[in-house]
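Reviewing the structure listed below.
Rule-based calculations on the coordinates, nothing more; no lab input. From a predicted model like this one, the values you see are computed outputs, not experimental measurements. So basically every Cβ, Gly included, is an ideal-geometry build from the backbone, and we count neighbours across all protein chains shown.
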């Protein structure tokens with residue numbers, strides 16, 4: 001199967017998932033028998049067993065069967081997957097990305113072959129996120145040369161825009177920029193102290209760690225439609241594991257993501273971008289369980305390494 005064939009099929013799948021017709025809520029629960037994850041995947045997270053192991057049978061919980069076609073479940077507030085978190089943070093702080101302690105971030109659980117974030121966050125998971133934030137912040141700030149508050153404020157707003165996958169609100173800006181000022185009663189304080197505190201706060205903020213989707217009202221009071229910007233976030237996190245690019249944001253503003261055709265066109269273009277390579281490799285590593293083959297090389301068609309591997313096309 002050629003890379004373009006894979007890309008086309010993946011684009012169609014992405015478009016189907018993102019542009020499913022609005023329907024009635026049925027509720028979504030974890031698949032029956034979902035495990036706590038494979039060794040090395042969970043990052044020491046433990047799931048909340050209550051209500052998490054029953055199979056969604058399409059019923060509305062009242063004893064009767066749902067009859068609507070294409071019913072949609074409740075939309076949960078999902079946390080970033082590990083690779084998405086790494087990608088967005090690396091995008092926000094590209095100059096020091098290779099030095100950041102991403103191993104401290106809790107890993108994903110698994111459902112079957114694939115990674116999932118279905119497990120509830122635990123106290124240990126919260127502590128690990130805090131440890132990452134507090135360890136990463138000094139590394140990030142060490143590369144900044146801000147000598148005045150205006151420079152520091154601009155840096156914090158720019159970082160928040162990437163991490164939140166949207167511009168921060170005035171209230172959010174006031175909160176995080178306010179951390180640049182010395183706390184009451186603290187005499188020894190520097191701008192660097194404030195920047196470290198603000199960056200640590202951003203890396204622990206729910207606006208960063210969770211995929212917040214508010215949507216817009218529809219004719220059905222039970223259903224809200226995703227906005228173009230929210231669809232852009234889904235596409236970018238799924239395919240590139242990053243916050244949306246400026247071009248994708250402009251496409252959303254122009255209404256190009258308001259139709260299934262528009263989403264499919266954007267997805268096809270994104271899948272041909274090298275930023276999609278990691279998603280491809282991760283998917284097939286999981287699907288074919290290639291990670292159990294040890295440290296064997298993975299090749300991308302068209303790369304220098306692939307030219308020496310005659311079996312790539314057949315694989």
* Taking other Cβ within 10 Å of each residue's Cβ, how do 280, 210 sort, fewest first? -> 210, 280
* Structure fact -> Given a Förster distance of 41 Å, the FRET efficiency implied by the Cβ-Cβ spacing of residue 290 and residue 212, rounded to the nearest 0.05, works out to 0.75
* Asked: Fully extended, how many nm does the chain gain between residue 225 and residue 259 (0.36 nm per residue separation, minus their Cα-Cα distance)?
  -> 11.1 nm
* Asked: Considering segment 98-218, what Rg and Dmax in Å follow from its alpha-carbon atoms?
  -> 16.4, 54
* Structure fact -> In nanometres, the difference between 0.36 nm per residue of separation and the alpha-carbon distance of residue 90 and residue 189 is 32.8 nm
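Please work out how much length the chain gains when fully extended from residue 123 to residue 150, using 0.36 nm per residue of separation minus the C-alpha to C-alpha distance, in nm with one decimal. Display every interim value, and only then the final one.
On the way: separation 27, 0.36 × 27 = 9.72 nm, distance 3.63 nm.
Length difference between fully extended and current span is 6.1 nm.
Compare the peptides 245-255, 103-113 by average per-residue count of other Cβ atoms within 10 angstrom and give them in order, highest first. Kindly include the intermediate steps, with their values, before the conclusion.
Values: 245-255: 15.1, 103-113: 17.8.
Result, highest mean Cβ count within 10 Å first: 103-113, 245-255.
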* Asked: If you find the alpha carbon centre of segment 230-284 and of segment 114-149, how far apart are they in angstrom?
  -> 25 Å
